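Worksheet: one structure, shown below.
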Amino acid sequence: MNTRHYFALQQRHGCRKPLSILFALALILVINGCATPNNVKKVDTLKGDISSTKILLMPMDVELSILTAAGLLELQAEWTSNAMGYMTRSLESSFSRANYDIAAHQISDADPLSEFVQRQKLHEAVGLSVLTHHIGPLKLPSKSGGVFDWSLGSNARHLKETSSADYALFVFVRDSYSSGGRVALQIGMAILGGHVPGGQQVGFASLVDLDTGDIVWFNHLWSGTGDLRNQEAADKTMAALLDNFPGIQSTRN
């Protein structure tokens, strides 16, 4: 089974990886020295001039949680809602300054079985697989030599038909913050010479060609610091996720 068929199957059955897997993966990669933004797939130019390139901004898949002393993640709805607003404003501002023609995707159906929700799940599954099998410790033999040919499949063309956009940008972020009990545990273990991980900020962004469904630009972020609970901090995170995006000023020196 090739990767495109595999992910189509995941989309059909609505598969979702637990958050514990995501953060375990993040910890492995941080330990192995991948704690900074890393542009995996980039393209120097997009179709046509920037001013004539229309990008559909997909609703962000974002969750903010508290990491308890027991290592459980407790979703914080208010933090999440505020963060999505901060991140959306930052994203729109960056693309507007670069003179891109942007449009926000309007959600018509939030039902778990709707095409929109299934497409978000598919992007999550593909992005996590990129982190695991293209960047991380379980590289696929078919991806040897740095070949990047990941895709959301030809169904992405439906977005082009309904929006007239050339590309769609997907953003996935999971951000956790240590509770007071978790901090106390970290301090106690540090005194004893042990280590207990704290909150992690993990995210990735994908630019999808709506003619083919192929991911033509992909960037990811892992960090043990960072905060999405205010506009300034959210601006920094979004700047990192948009690093080396065509026409947008890089955050790197």
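Quick notes on this one:
- Ranked order, LEU192, LEU75 - accessible area, probe 1.4 Å, largest first: LEU192, LEU75
- FRET E, pair ASN230, THR68, Förster distance 25 Å, beta-carbon r, rounded to 0.05: 0.65
- For region 62-132, the spread of Cα positions along the three principal axes, ordered from largest to smallest, is 47, 28, 27 Å.
- Figure note: LEU72, LEU131, LEU140 ranked by solvent-accessible area, largest first, 1.4 Å probe, ligands and nucleic acids not counted: LEU72, LEU140, LEU131.
- The tail of the calculated P(r) for region 168-253 beyond 22 Å holds 42 percent of all Cα-Cα pairs.
- Measuring only protein heavy atoms, the 1.4 Å probe finds ARG229 accessible over about 90 Å².
- The solvent-accessible area of ILE215, taken with every protein chain present and a 1.4 Å probe, is close to 10 Å².
- The figure for VAL183 is an accessible area of roughly 60 square angstrom, using a 1.4 Å probe on the protein chains alone.
- Ordered by 1.4 Å accessible area with all protein chains kept, LYS47, LYS160 run largest first as LYS47, LYS160.
- Global size of region 117-212 as Cα Rg and Dmax, reported in angstrom: 18.9, 60
The values are calculated or read from the model by the stated rules, or taken from the named source; none is laboratory data. It should be emphasised that the depicted structure is a prediction, and the values quoted were computed from it without experimental measurement. Using ideal geometry, Cβ is built from the backbone for each residue, glycine included, and neighbour counts are taken over all protein chains shown. The area values use the complete protein model at the heavy-atom level, side chains included, leaving out ligands, DNA and RNA. Shrake-Rupley method; radii C 1.70, N 1.55, O 1.52, S 1.80 Å.
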